[in-house]
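One structure is given here, and the rest of the page talks about it.
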Amino acid sequence: MAFQPIKAKLAAFNKNGADNTPSKGNSNRANPRSGKPSGGPDNGKPNKGESNNEGNKAPIMDWRPFLFTFIVFLIYYLAIDNSAPSVQRLAYSDFKHQVVMGQVESVTFKGQQLSGRFINSTQPSGRVDFKTVLPAVEDPSLYPLMEQHNVKVSAKSEETPLWISIVLSILPWVLIFGLFAYSNQVMRNRMGGSSGGMFGFGRSKARLYEKVETDINFDEVAGLESAKQDLQEVIEYLKNPDKFRRLGAKLPKGMLMMGPPGTGKTLLAKATAAEADVPFFSISGSEFVEMFVGVGASRVRSMFDEAREKAPALIFIDEIDSVGRVRGSGVGGGNDEREQTLNQILAEMDGFGHDEPVVVIAATNRPDVLDPALLRPGRFDRKVTLELPQKKARLKILQVHTQHKPVLDEVDLDSIAARTIGFSGADLENLVNEAALHAARLNKVTIDAADFEYAHDKILLGGA
């Protein structure tokens with residue numbers, strides 16, 4: 001029959017639609033073809049709880065306060081209009097007819113507007129029963145007619161009251177300044193809550209720690225003896241500068257810590273902050289650079305000014321390679337904002353006084369891309385290279401990370417240290433944590449050698 005192909009197509013379409021429609025409660029099951037959850041991000045829709053960066057962007061102006069204000073005023077005026085007694089609108093001829101009939105008690109003139117009350121009015125005192133508009137052509141018979149029928153006549157000035165004139169003249173300025181203040185608050189929130197509002201985005205974003213409350217100190221940082229010695233020298237100079245000044249020694253203006261990721265650069269900075277017991281400023285290199293040219297340089301000036309006020313002080317700049325790259329590189333000859341920020345850092349570090357007790361500590365895992373002017377003596381006087389830990393250092397790191405965990409005595413940390421060649425300090429910490437997670441997954445009360453064996457294989461070979 002001619003309908004057979006159409007029926008076959010409809011059946012195939014319904015079958016495909018049923019296959020592609022997830023059943024209730026099974027939206028996160030794996031797709032046998034792709035191996036990925038059908039309800040996950042791969043289907044183009046974020047799951048509940050996942051962040052949608054495009055949808056969470058804060059608008060430049062929040063329209064909700066304006067909508068709320070409009071609704072409040074609309075309700076208010078509607079309530080006033082409904083509560084007000086009805087006023088009858090009369091034609092001018094009807095008004096004269098009511099006067100002739102003796103029904104009008106009083107009228108009030110206000111320009112071309114005329115309102116009044118009837119003799120048997122039910123309106124409260126002060127209210128009017130009717131309103132009308134006088135014709136443009138003057139009617140000389142109106143006043144004699146009202147006097148003849150004993151109508152009380154009064155008049156009001158058309159001039160606006162003084163208080164209304166004052167309010168109308170001030171209100172636009174109040175609205176302008178209110179909108180300016182609101183925009184200032186929105187801009188401040190979008191720029192990280194800086195205290196200067198839209199004029200404060202040039203202020204430093206460095207976090208100040210007057211007294212660092214942390215359990216990390218140099219004893220907790222295993223290995224890295226050479227780096228700790230250099231940092232301890234700086235700390236001792238900040239605490240007791242006269243000891244060095246007697247011998248004519250000058251404080252290093254900067255220390256650059258270089259090494260692969262996970263070798264403990266940031267950890268050393270935290271330990272230095274705890275040991276120094278002086279104000280400590282911490283910032284990432286990427287926090288200097290913004291869309292607007294000159295903002296980064298302004299933040300650098302602000303940070304160094306605050307550090308000088310708090311001196312003696314330490315400044316830690318993490319990932320300095322994000323702002324300290326060689327100038328003139330990149331497409332189009334470089335980035336003006338980043339280069340201006342770097343120029344300001346160079347000027348501030350070179351502008352320190354000889355006895356100014358402010359030290360800059362920077363960390364990077366890309367020393368090869370740094371500008372040579374940043375690396376010269378007088379700016380970063382000392383360069384500390386952090387290598388991957390050797391066997392003795394790895395053993396000490398493992399001992400530090402296992403001292404507060406229930407590890408069995410049979411676990412041979414020396415053997416684990418020997419087998420973890422090429423592991424950084426962060427890798428070793430992750431190894432111990434993976435072993436603890438595996439033990440907890442098996443409902444153990446202690447961590448044994450099998451857990452460390454599993455964690456070692458998982459890090460090197462990946463999960464099963």
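The values are calculated or read from the model by the stated rules, or taken from the named source; none is laboratory data. These figures come from a predicted structure and were not determined experimentally. Cβ placement follows ideal geometry from the backbone for every residue including glycine, while neighbour counts extend to all protein chains displayed.
Observations on the structure shown:
- Of all residue pairs spaced 6 or more apart or on separate chains, those with beta-carbon atoms under 8 Å, a first member in the range 210-224 that is at pLDDT below 60 and a second member that is of a type in the set (A, V, I, L, M) and surrounded by 15 or more Cβ atoms within 10 Å (Cβ to Cβ) are V212/A273; V212/A274.
- Qualifying residues in the range 95-116 (those that are of a type in the set (S, T, N, Q) and surrounded by 12 or more Cβ atoms within 10 Å (Cβ to Cβ)) - the one nearest to P135 (Cα to Cα): Q113
Conditions tested, residue by residue: (1) surrounded by fewer than 19 Cβ atoms within 10 Å (Cβ to Cβ); (2) among the β-branched types (V, I, T); (3) modelled with pLDDT of 90 or more.
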{"site": "L342", "(1), (2), (3)": "no, no, no"}
{"site": "M349", "(1), (2), (3)": "no, no, no"}
{"site": "T385", "(1), (2), (3)": "yes, yes, no"}
{"site": "I416", "(1), (2), (3)": "no, yes, yes"}
{"site": "L437", "(1), (2), (3)": "yes, no, yes"}
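- For the range 169-180, the tally of residues that are surrounded by fewer than 11 Cβ atoms within 10 Å (Cβ to Cβ) and either in contact with a strand residue (DSSP E or B) (Cβ under 8 Å, 6 or more places away or on another chain) or among the aliphatic types (A, V, I, L, M) (or both) stands at 5.
- Residue list for the range 391-408, filter: touching a residue at least 12 places away in the same chain (Cβ under 8 Å), surrounded by fewer than 19 Cβ atoms within 10 Å (Cβ to Cβ) and not in a helix (DSSP H, G or I): K405, P406, L408
- Summed over the range 309-323, residues that are more than 12 Å from V360 (Cα to Cα) and in a helix (DSSP H, G or I) total 4.
- Tally of residues being part of a helix (DSSP H, G or I) and buried (at least 21 other Cβ atoms within 10 Å of the Cβ) across the range 254-274: 7
- Looking across the range 239-253, the residues that are in a loop (DSSP other than H, G, I, E, B) and free of Cβ contacts under 8 Å to residues at least 40 places away in the same chain come down to N240, R246, L247, G248, A249.
- Total residues in the range 126-176 satisfying the condition of being more than 14 Å from L114 (Cβ to Cβ) and part of a loop (DSSP other than H, G, I, E, B): the figure is 11.
- Taken as a whole, the range 144-156 holds at least one residue that is modelled with pLDDT of 80 or more, within 60 Å of the chain's Cα centre (by Cα) and either more than 28 Å from G296 (Cβ to Cβ) or surrounded by fewer than 10 Cβ atoms within 10 Å (Cβ to Cβ) (or both).
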